[in-house]
Amino acid sequence: QLQACGGGLVQAGGSLRLSCAASERTFSRNTMAWFRQAPGKEREFVAAHRRGNNRSYYGDSVRGRFTISRDNAKNTVYLQMNSLQPEDTAVYSCAGGNTILSETRNARGYDSWGQGTLVTVSS
């Protein structure tokens, strides 16, 4: 239902764009999001876009550097990552769900998950 791609190895300060292609059913959910999990750490909210209010939400550690967007014609959500730092190294996963506003940043609100794509940032 969700297929993420675009990860890879990049030097600190570089950029990457992740893509996540969704089935029409999944893409119709009110919220599409990205989460990440670094080795030995808990899963972390990265970004989300809510269809209803057409607003984007970001985790504190990525705000101002990452941008989430969605292409409704392609049923695809993107994550543009700029000014990458070694601490951004993680497996990035996309997710879809019919979340309530207050749960936008909570992984429990999402019922459709793609396999992750690894992003490695070297110093």
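The values are calculated or read from the model by the stated rules, or taken from the named source; none is laboratory data. None of the values given here were measured: they were computed from a predicted structure. Neighbour counts run over all protein chains shown; Cβ positions are idealised from the backbone, glycine included. These area figures cover heavy atoms from the full protein model, side chains too; ligands, DNA and RNA do not enter into them. Shrake-Rupley method; radii C 1.70, N 1.55, O 1.52, S 1.80 Å.
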Among (1) more than 16 Å from Leu84 (Cβ to Cβ); (2) in contact with a strand residue (DSSP E or B) (Cβ under 8 Å, 6 or more places away or on another chain); (3) modelled with pLDDT of 95 or more, there is one condition Phe27 misses while meeting the rest; what is its number?
(3)
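Anything in region 9-26 that is open to solvent by less than 30 Å² (accessible area, probe 1.4 Å) and within 15 Å of the chain's Cα centre (by Cα)? List them, or say none. Explain how you work it out, then say what you get.
Going through region 9-26, the residues open to solvent by less than 30 Å² (accessible area, probe 1.4 Å) turn out to be 10, 14, 18-20, 22, 26.
Leu18, Ser19, Cys20, Ala22, Thr26, listed by residue number.
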Could you pull out the residue among Arg17, Arg29, Arg65 that is more than 20 Å from Ser123 (Cα to Cα) and of a type in the set (Lys, Arg)?
Arg29
Within region 51-68, how many residues turn out to be hydroxyl-bearing (Ser, Thr, Tyr) and either open to solvent by 50 Å² or more (accessible area, probe 1.4 Å) or in a loop (DSSP other than H, G, I, E, B) (or both)?
2
Take the residues in region 71-94 that are open to solvent by 20 Å² or more (accessible area, probe 1.4 Å) and in a loop (DSSP other than H, G, I, E, B), then tell me which one is modelled with the lowest pLDDT.
Asn72
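Please count how many residues of region 13-50 are of a type in the set (Asp, Glu) and in a loop (DSSP other than H, G, I, E, B). It would help to see each step written out before you state the result.
Residues of region 13-50 of a type in the set (Asp, Glu): 24, 42, 44.
With the extra rule that they be in a loop (DSSP other than H, G, I, E, B), the set shrinks to 42.
Counting residues in region 13-50 that are of a type in the set (Asp, Glu) and in a loop (DSSP other than H, G, I, E, B) gives 1.
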Scanning region 68-96 residue by residue, those over 13 Å from the mean Cα position of the chain (by Cα) and closer than 17 Å to Arg43 by Cα turn out to be Pro86, Glu87, Thr89
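Do we have Ala22 as modelled with pLDDT under 95 and touching a strand residue (DSSP E or B) at 6+ places or on another chain (Cβ under 6 Å) here? Working first, answer last.
Details: modelled with pLDDT under 95: yes; touching a strand residue (DSSP E or B) at 6+ places or on another chain (Cβ under 6 Å): yes.
Yes: the conditions hold for Ala22.
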Would you pick out the residues in region 27-50 that are of a type in the set (D, E, K, R) and either more than 14 Å from Tyr110 (Cβ to Cβ) or open to solvent by less than 20 Å² (accessible area, probe 1.4 Å) (or both)?
Arg36, Lys41, Glu42
All positions within region 95-106 that are among the hydrophobic types (A, V, I, L, M, F, W, C) and either surrounded by 18 or more Cβ atoms within 10 Å (Cβ to Cβ) or free of Cβ contacts under 8 Å to residues at least 40 places away in the same chain (or both):
Ala95, Ile100
